[in-house]
1. Quick check: is even one residue across segment B:72-95 in contact (Cβ under 8 Å) with a residue 12 or more places away in the chain, more than 10 Å from chain A (Cβ to nearest Cβ) and in contact with a strand residue (DSSP E or B) (Cβ under 8 Å, 6 or more places away or on another chain)?
2. Can you tell me how many residues in segment B:390-446 are within 26 Å of the chain's Cα centre (by Cα), of a type in the set (A, V, I, L, M) and more than 26 Å from B:THR177 (Cβ to Cβ)?
3. Any chance you could count how many residues in segment B:198-228 are more than 13 Å from every other protein chain (Cβ to nearest Cβ) and part of a helix (DSSP H, G or I)?
4. Quick one: count up the residues across segment B:25-51 that are modelled with pLDDT of 85 or more and over 22 Å from B:THR294 (Cα atoms).
5. Read through the list (1) touching a Ser or Thr at 6+ places or on another chain (Cβ under 7 Å); (2) closer than 19 Å to B:GLY283 by Cα, then give the number of the only condition that A:ILE64 fails.
6. Of all residues in segment B:465-492, which are modelled with pLDDT of 70 or more, of a type in the set (Phe, Trp, Tyr) and surrounded by fewer than 24 Cβ atoms within 10 Å (Cβ to Cβ)?
7. Can you tell me which residue is farthest from B:VAL275 (Cα to Cα) among those in segment B:26-49 that are crowded, with 22+ Cβ neighbours inside 10 Å and of a type in the set (A, V, I, L, M, F, W, C)?
8. Among the numbered criteria (1) part of a helix (DSSP H, G or I); (2) surrounded by fewer than 18 Cβ atoms within 10 Å (Cβ to Cβ); (3) touching a residue at least 40 places away in the same chain (Cβ under 8 Å), which one does B:ALA16 miss?
Amino acid sequence: MENDNHKKYWKENIKYLMILLAIWFVVSYCAGILFVDQLNTITMGGFPLGFWFAQQGSIYVFVILIFVYVRLMNKLDKKYGFDQE
Amino acid sequence: MDVQIWTYTLVGLTFAVYIGIAIWSRAGSTKEFYVAGGGVSPLANGLATAADWMSAASFISMAGIIAFAGYDGAVYLMGWTGGYVLLALMLAPYLRKFGKFTVPDFIGDRYYSKTARSVAVFCALLVSFTYVAGQMRGVGIVFSRFLEVDINTGVIIGMIIVLFYAVLGGMKGITYTQVAQYCILIFAFMVPAIFISIQMTGNPIPQLGFGDTVADGSNVYLLDKLNGLSEELGFSSYTGGSKSTLDVFAITMALMVGTAGLPHVIVRFFTVKKVKDARRSAGFALLFIAILYTAAPAVAVFAKTNLIESVQNKQYSTVPQWFKNWEDTELLGWVDKNNDGKIQYSPGHAVVGNKNKPVFEKRERGAFGQRIITNVNTANSNELFVDRDIMVLANPEIAGLPNWVIALVAAGGLAAALSTAAGLLLVISSSVSHDLIKKMIKPDISEKGELVAARISAIAAVCVAGYFGINPPGFVAAVVALAFGLAAASFFPAIVLGIFYKRMNKEGAIAGMVVGISCMLLYMIKYKLGWFDDTLPPSSEWWFGISPEGFGTVAMIINFTVSLVVNKFTAPPPAEVQEIVENIRIPSGAGEAIDH
């Protein structure tokens, strides 16, 4: 029973991890590096978009990703009763 | 008050604060010495991690590197921040739950092997020593530029300060001084950045300012203007970039993964109370780091535009005073190749010899009052030498800011260098006293004895670091950037597999670490240091066109592959180790870092 609980918790954790890391990859490696030239044809204010992702946007998204992860995991801990000391 | 007095006052004040904190937070036990007692709040740990992370290179050199690299500078911006996502999601919470003192502790226990532990100790020492020598040098350089003392005297003053709070306070002293150091360095970086942003674009937020229009009423975007100026002078477009996509990809990946595998960053997450706190403090750490890392590319654009506009095709006699001041510090130099009395800036090095840095005549001045450079000129038309560090160091003067701001930059640079040096020294001393002495050589050592050993190894580490700071071996500068590749090639795969793959055994992990770090070292020695050949092999010989800086990514993939293949053909780990893995995956019951 307890083992089952652990397994489910771990599975959900891995699911969150995959989703968040996919976003991490898209904003930095896709938007900032692989497709930077295509995105640079679009401008946002004075920024070519690909350049903005590479030097600004990806960093903002990284910060947001970690705080989203913190929230998701706190909820998950509570759901499975792993939030007590 | 003049700059000199301001600098002495501010640097003196900040040093007094560090020493005060050291005395207040003396470490009384090994637990306090290694992990600050394990009760640091997530916010304080975030601040301390940010200061630990941002070195003299981040503070002084990064904006300048970006200013000259343009888009390509993004490898550092993304590489040195994106690693925190990996750290927060894949390493920090689990290592905190594991609850020991050092990274080799985890490797040694998870892979139930003294060999694994020794390999980890070797990697930790290699990574940390390559990194710390550069920091001590940085302390010396800041001293010599702002306080007009000799570089070596500067290194020694820095050593004494670090010695004081690292030896006395251990991790506890280091943590709380790092909190203070973060506040000083971020204030020192942002004040000039904000002022310059207002001057150039009217926008007080530098992160937005560099995408804004120029403040002269012309309605031209600053980046378009800089692209135009760069192309006019024959450089590639600033927002375009010139490295190959594959190399940019590899370098970014190596820096990210290396960041997540650096022992001095990882140990910071052992200092908080709960698993939950480890996650949160990774978030805070990246938030505080991001403030500087998003402002740096803005500073780069402001400074580069300013530089080109102030000097290009200008009579030497009419250039602003800051140009002459920095010529005196030998960070700027001008050779009048066509004898027209005007400064012409274009791609390529201005002079040859002395690694393309100018050698200045001490007393005599040239026809226009400029410093005379004695090197041989290159054949191109570029007449200007600019040291990239100037982009941050000269910023307050270029913007005409008051003297106290200039002094603040000095205090900020010192805070950045000292905080990183202290964090690294702690890793070195705990690797020696805890992993080598306590866990391998003399397991029956008493708590008191271990604390004494920790302090002695901290003193020894400071002395070695200081020695390298005073007599930098030629390869230090080249190797610091590669510390990331080494960390990526060794620790990251072993730790991640140790957490996410229960069947991972010691044979696989050891083989992976040894092969990974060896590949990285060999590639580095061949293509960065050139020790295997008479001359450094050209970049056309790089494997797949990947630079030594980016090779960490390849070495990491090799490590993963070797680990998994060897693991496949060897016995699974014992049941109690598999239980450890089960246990670290569950956040509850973390307790405090266990002394064992």
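The values are calculated or read from the model by the stated rules, or taken from the named source; none is laboratory data. Treat the numbers as computed from the prediction; the structure is a model and nothing was measured. Counting neighbours? That spans all protein chains shown, and the Cβs are built from the backbone with ideal geometry, glycine included.
1. No, because not a single residue in segment B:72-95 is in contact (Cβ under 8 Å) with a residue 12 or more places away in the chain, more than 10 Å from chain A (Cβ to nearest Cβ) and in contact with a strand residue (DSSP E or B) (Cβ under 8 Å, 6 or more places away or on another chain).
2. The qualifying residues number 4.
3. 2
4. Residues that pass the stated criteria total 3.
5. (1)
6. Selection gives B:TYR467, B:PHE468.
7. B:ALA27
8. It fails just one condition, (3).
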